[in-house]
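What follows is a single structure, written as structure tokens, with notes after it.
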Amino acid sequence: MSGDRPILIAGAGIGGLSLAIALARQGLPSRVLERRGELAEAGAGIQLGPNAVSALSRLGVADRLKPSIGAPDCLRVHDGRSGQCLAELPLGDWIAKRHQAPYWVAHRADLHAALLETASALPQIELVTASEVTSFTPADGGVVAATADGGRHHGVLLVGADGIWSRIRKELWPDFSLTYSGKTASRAVVSRADAPAAFRDMATGVWLSPVGHVVHYPVRGGQEIALVVILKEEWPGEGWGLPVDRDRLIGRLGAFSDRLTAFLSSAREWRRWPLYDPEPLPRWSKGRVTLLGDAAHPVLPFLAQGGALAIEDAETLAAAIRMWPSQPAMAIDAYERTRRPRAIRMQAASRRNGVIYHLSNPASLARDLTLRAVPGQRLMALYDWVYGWRPETL
């Protein structure tokens, strides 16, 4: 591999930049082709479990991100209607000791900025903006990616890290379609100083209801609070991250306590994302082209692992390419065989969590009794398989 024949990466989001950095740490060159003219990340908060934080540390990104993160001490689960705390699950020192890395929460823009700053400082990485990959073809033992601006980029392989609406995936599997889950996520950020005292704790809060659930947690060094409202909703129409009418959104929260809705009302600007839950792809790869992150395995956010999975993918793929630098097809095959079972398990577990969150009576009563009866440490230990991830053996 050389600068003339780098690894091509479609997409400069969390997954694409993580892969470029992971490759650079292995001494491998990459060219990141991004459709947007400016590199910025949409959205609000993102949760980064110990599995993600440990990977970011190995990539040399964690120190750049650390000044901007929130570090919640616990996760509190509430009954949405009454506001009563059903369970308190340990985070903070407990989870850091258990998994040798902390649990962080951050603004997506801050994570993206830390990745971009790290990538920009590495000479093995070339960032090309306003260059959307529109097609690709095998050529001369590699791949040529054509971009919308008329460019042609030669590489040893191509990685589609271009998100849930992946153009690369569409080229590989034209018949694959995203299945709407029947739920949307509306997101916003508010100043912590303006929040009621009950919401200023360094804690992640989850409020459960049959119609949906609400999540909030501190970001930006604890100066702001990220809000997420998940609601069951008929198909809202095409649109990704579009503005939401605040009054209409708050008006749909009658199943939640007045205390919570008053807090949510303080956020002036909301944006909404439809949530998708498709069946797993039969394959992620063909020849010298593969997928990563949401392009490969869209996952519901009910385990807060979408970003973490993309970062894990990146580290694993880079290790595979480093192991088989002259045999890219073998590297891609090893990457997919290694990562696909975990991604499928995470998709299923996230879906199951959503069902549990939105139970109605009498099933919700049994859920709540369990949450009250089982110690928080035992509940959190059920997710050791999520947070205890370390790079797999290829």
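Please work out which residue is surrounded by the most Cβ atoms within 10 Å (Cβ to Cβ), limiting yourself to the range 245-280 and to residues that are touching a residue at least 12 places away in the same chain (Cβ under 8 Å) and polar (S, T, N, Q).
This residue is 257.
For the range 122-241, please list each of the strands (runs of 3 or more DSSP E) lying entirely inside it that holds at least 1 residues being under 24 Å from the mean Cα position of the chain (by Cα) and closer than 30 Å to residue 80 by Cβ. Can you show your working first?
Working: elements: 125-128, 133-139, 142-147, 152-155, 157-160, 180-191, 203-209, 212-219, 224-232.
Per the criteria, 180-191, 203-209, 212-219, 224-232.
In the range 100-116, how many are surrounded by fewer than 21 Cβ atoms within 10 Å (Cβ to Cβ) and either under 23 Å from residue 380 (Cβ atoms) or not aliphatic (A, V, I, L, M) (or both)?
3
Does the range 17-37 include one or more residues that are among the small types (Gly, Ala, Ser), in a strand (DSSP E or B) and farther than 23 Å from residue 301 by Cβ?
For the range 17-37, residues among the small types (Gly, Ala, Ser), in a strand (DSSP E or B) and farther than 23 Å from residue 301 by Cβ: present.
Does residue 226 satisfy the criteria of being crowded, with 20+ Cβ neighbours inside 10 Å, farther than 17 Å from residue 342 by Cβ, in contact with a strand residue (DSSP E or B) (Cβ under 8 Å, 6 or more places away or on another chain) and modelled with pLDDT of 95 or more?
Details: crowded, with 20+ Cβ neighbours inside 10 Å: yes; farther than 17 Å from residue 342 by Cβ: yes; in contact with a strand residue (DSSP E or B) (Cβ under 8 Å, 6 or more places away or on another chain): yes; modelled with pLDDT of 95 or more: yes.
Here the answer is yes, as residue 226 does meet what is asked.
So for the range 318-338 (the condition being assigned to a helix (DSSP H, G or I), among the aromatic types (Phe, Trp, Tyr), under 30 Å from residue 114 (Cβ atoms) and touching a strand residue (DSSP E or B) at 6+ places or on another chain (Cβ under 9 Å)), does at least one residue qualify?
Here is the first cut: in the range 318-338, the ones assigned to a helix (DSSP H, G or I) are 318-323, 328-338.
Now restrict to residues that are among the aromatic types (Phe, Trp, Tyr): 335.
With under 30 Å from residue 114 (Cβ atoms) added as a condition, the list becomes 335.
Among the residues that remain, those that are also touching a strand residue (DSSP E or B) at 6+ places or on another chain (Cβ under 9 Å) are: 335.
Looking for residues that are assigned to a helix (DSSP H, G or I), among the aromatic types (Phe, Trp, Tyr), under 30 Å from residue 114 (Cβ atoms) and touching a strand residue (DSSP E or B) at 6+ places or on another chain (Cβ under 9 Å), one finds at least one in the range 318-338, hence yes.
Yes/no per residue for (1) under 19 Å from residue 219 (Cβ atoms); (2) modelled with pLDDT of 95 or more; (3) surrounded by 17 or more Cβ atoms within 10 Å (Cβ to Cβ):
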residue	(1), (2), (3)
3	no, no, no
9	no, yes, yes
64	yes, yes, yes
71	yes, yes, yes
80	no, yes, yes
94	no, yes, no
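So which residues in the range 194-223 are over 19 Å from residue 47 (Cβ atoms) and surrounded by 15 or more Cβ atoms within 10 Å (Cβ to Cβ)?
Step one: list which residues in the range 194-223 are over 19 Å from residue 47 (Cβ atoms), which gives 194, 196-198, 209-211.
Scanning the range 194-223 gives 209, 210, 211.
Among the residues of the range 217-238, how many are without any contact (Cβ under 8 Å) to a residue 60 or more places away in the chain, of a type outside the set (A, V, I, L, M) and closer than 14 Å to residue 106 by Cβ? Let's see the steps before the verdict.
Initial filter on the range 217-238 (without any contact (Cβ under 8 Å) to a residue 60 or more places away in the chain): 223, 225, 229, 231, 233-238.
Imposing the further condition that a residue be of a type outside the set (A, V, I, L, M) reduces the set to 223, 233-238.
From what's left, closer than 14 Å to residue 106 by Cβ: 223.
Final tally of qualifying residues: 1.
The values are calculated or read from the model by the stated rules, or taken from the named source; none is laboratory data. Keep in mind the model is a prediction, meaning the values are calculated, not measured. Neighbour counts are summed over all protein chains in view; Cβ atoms, including those assigned to glycine, are modelled from backbone coordinates with ideal geometry.
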